[in-house]
Amino acid sequence: MAGQTVKQRVTIAELAQEAGVSISTVNRILAGADNVRAATIEHVQQVAESIGFYGTGVLSARKENALPHFRFGFLLQQSTRDLYRLFGEKIREAAATRRDVRVDCLVDFVDRLEPANIEGRLRALGKECDAVALIAADHPLLGQAIRELRDDGTSVVTYITDQSAPERAGFVGTDNWKLGRTAAFFISQMTQGQGRVAVFIGNHRYQCQDVADAAFRSYIREHAPELVVNESEPTHEDSAHAYNMVRDLLAKHDDLRGILIVGGGISGVLRALREAPEDRRRQIKLVCRDIGPETRKGLTEGLITAALCHPMTETSQTLIQTMIDVTTRDTPGPTLQRTIPFEIVTPENI
């Protein structure tokens, strides 16, 4: 149209000038050369977007290809449990939000919790990945697998619950001593007079649960000696088993005042409490750890006094960073310990 000027396309020379690099550098980036630093590619790509350079799509692809690339495996438990499916989602989200690296996530679930089965799955995942994150009960078979994977160049990072193997590269989780004492604080402060408290664990070999159990008893001995704490009973991470355990407790002990469940089985515990007379279940203060749809429902119903939870987003982000750190260090070093403060969720702040 007469009187209108046609906007000139931004040239490579103009992009180079604006970005403060040479024309040859821009050409190498566009050609996909691998001798340009990722930081330079990112800078040029940002400048290109700001001045309307025609090749921004190519530059974005070059920037992506220049980033460090990792393949990480995550061995979670029980695909049927909402908690672990949520952790899988948060792990993928944490990897996808990274802009400085490319992380491919291979998330696997173990439904049969026998140590030999977990060991086999851990070794298989380790062969495919730069590093593997593991949630599992502590066992010598897993310790041997962690050691051999380390020797083959694959780091293993434990999270949520630790392993005793000194060759593990890192651990990401909460302070379980503080968690156990906090649970005891809630139950002791919200009960009156004498009574008994039941403690449910998933398995005697889960370190996180064992530490929380010991800390719970420590607080009760110190601050609430009027409460009797039963011997810890394993739910074997099974809701049906937990349901039967609570029913038996309600039938045998009129003085039951509290339940601490630090392993799986919360849906079974809640089912048994829902079936109990209202005046009976009001006497029982229930504290659990971690949160999912069933726990949220129990909180809104007032059946759960408090849930002491791993913050899933922060835990997953820290886990990804820890796996990058142990993979990129020059030589194996001391175990990296990353502690994430737990969240406290009650019926009033859910």
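What angle, in degrees between 0 and 90 and rounded to the nearest 10, separates the Cα long axis of helix 82-96 from the longest principal axis of the Cα atoms of the chain?
That helix lies at roughly 20 degrees to the long axis.
What does the charge add up to near I201, with Lys and Arg as +1, Asp and Glu as -1, over the other residues with Cβ less than 9 Å from its Cβ?
-3
Using r as the Cβ-Cβ distance of E226 and D151, and R0 as 51 Å, what FRET efficiency do you calculate, to the nearest 0.05?
Computed FRET efficiency for E226 and D151 comes out at 0.45.
Determine, for each peptide in 211-222, 116-127, the mean count of other beta carbons within 10 angstrom over its residues, then list the peptides with the highest first.
So the order, starting with the most tightly packed, is 211-222, 116-127.
Restricting to Cα pairs below 8 Å that are 6+ residues apart, what does the relative contact order work out to for segment 172-252? Please round to a whole percent.
Rounded, it is 38 percent for segment 172-252.
Just to be sure I understand the model, the point goes 7 Å from the Cα along the line to the Cβ. What's the resulting A240 to K127 distance in nm?
So the label points at A240 and K127 sit 3.4 nm apart.
Which whole-number value in Å² is the accessible area per residue of segment 270-350, probe 1.4 Å?
Value for segment 270-350: 48 Å² per residue.
Hand me the tally of lysine pairs in the chain: alpha carbons under 23 angstrom apart, and the pair either on different chains or 8 or more positions apart.
Lysine pairs meeting the criterion: 4.
Determine the calculated [θ] at 222 nm for the chain from helices alone, applying -39500 (n - 2.57) to every DSSP H run no shorter than 4 residues and normalising by the residue count; nearest 500 deg cm²/dmol.
Taken over the chain, the calculation gives -15000 deg cm²/dmol.
Could you provide, to the nearest whole Å², the per residue accessible area of segment 116-212 with probe 1.4 Å?
38 Å²
Quick check: at a probe of 1.4 Å, how many percent of the accessible area of segment 65-118 sits on carbon and sulfur atoms?
Of the solvent-accessible surface of segment 65-118, carbon and sulfur hold 48 percent.
Taking springs between alpha-carbon atoms closer than 10 angstrom, which of T161, T328, T295 fluctuates most in the Gaussian network model of the chain?
T328
When the Cα centres of segment 180-249 and segment 49-122 are compared, how far apart do they sit, in Å?
36 Å
Ignoring ligands, DNA and RNA, what percent of the accessible area of segment 133-175 is carbon or sulfur (1.4 Å)?
Here it works out to 46 percent.
Sort 34-47, 162-175 by packing, meaning the average of other beta carbons within 10 Å per residue, with the highest value first.
Ranked by mean Cβ neighbours within 10 Å, highest first: 162-175, 34-47.
Strictly greater than 24 Å: what percent of every Cα pair in segment 220-350 meets that?
Percent of Cα pairs beyond 24 Å in segment 220-350: 42.
Taking H as built 1.01 Å from N, whose amide H comes closer than 5 Å to the amide H of A133, not counting residues under 5 places away?
Close amide H contacts, sequence-distant or interchain: G73, F74, L75, V157.
Assuming 1.306 mPa s and 10 °C, estimate D for segment 115-194 with Stokes-Einstein, Rh taken as the Kirkwood radius over Cα pairs, in µm²/s.
Rounded to a whole number, D works out at 112 µm²/s.
Can you tell me the length gained on complete extension of the stretch Q189 to N65, counting 0.36 nm per residue apart and subtracting the Cα distance?
Residue separation times 0.36 nm, minus the Cα-Cα distance, leaves 39.0 nm.
Could you give the angle, 0 to 90 degrees to the nearest 10, between helix 312-328's Cα long axis and the longest principal axis of the Cα atoms of the chain?
Helix 312-328 and the main axis of the chain meet at about 60 degrees.
Measure off, as a whole percent, the carbon and sulfur share of the 1.4 Å-probe accessible area of segment 244-292, all protein chains present.
Exposed carbon and sulfur together represent 40 percent of the surface.
Against the longest principal axis of the chain, how steep is helix 140-151, in degrees 0 to 90 to the nearest 10, with axes from Cα atoms?
10 degrees
Please give me the summed charge of the neighbours of P332: other residues whose Cβ is under 15 Å from its Cβ, Lys and Arg +1, Asp and Glu -1.
The answer is -3.
The values are calculated or read from the model by the stated rules, or taken from the named source; none is laboratory data. What you see is a predicted model; the values in this text were computed from it and never measured. Cβ atoms come from the backbone with ideal geometry, glycine included; neighbour counts cover every protein chain shown. The area values use the complete protein model at the heavy-atom level, side chains included, leaving out ligands, DNA and RNA. Shrake-Rupley method; radii C 1.70, N 1.55, O 1.52, S 1.80 Å.
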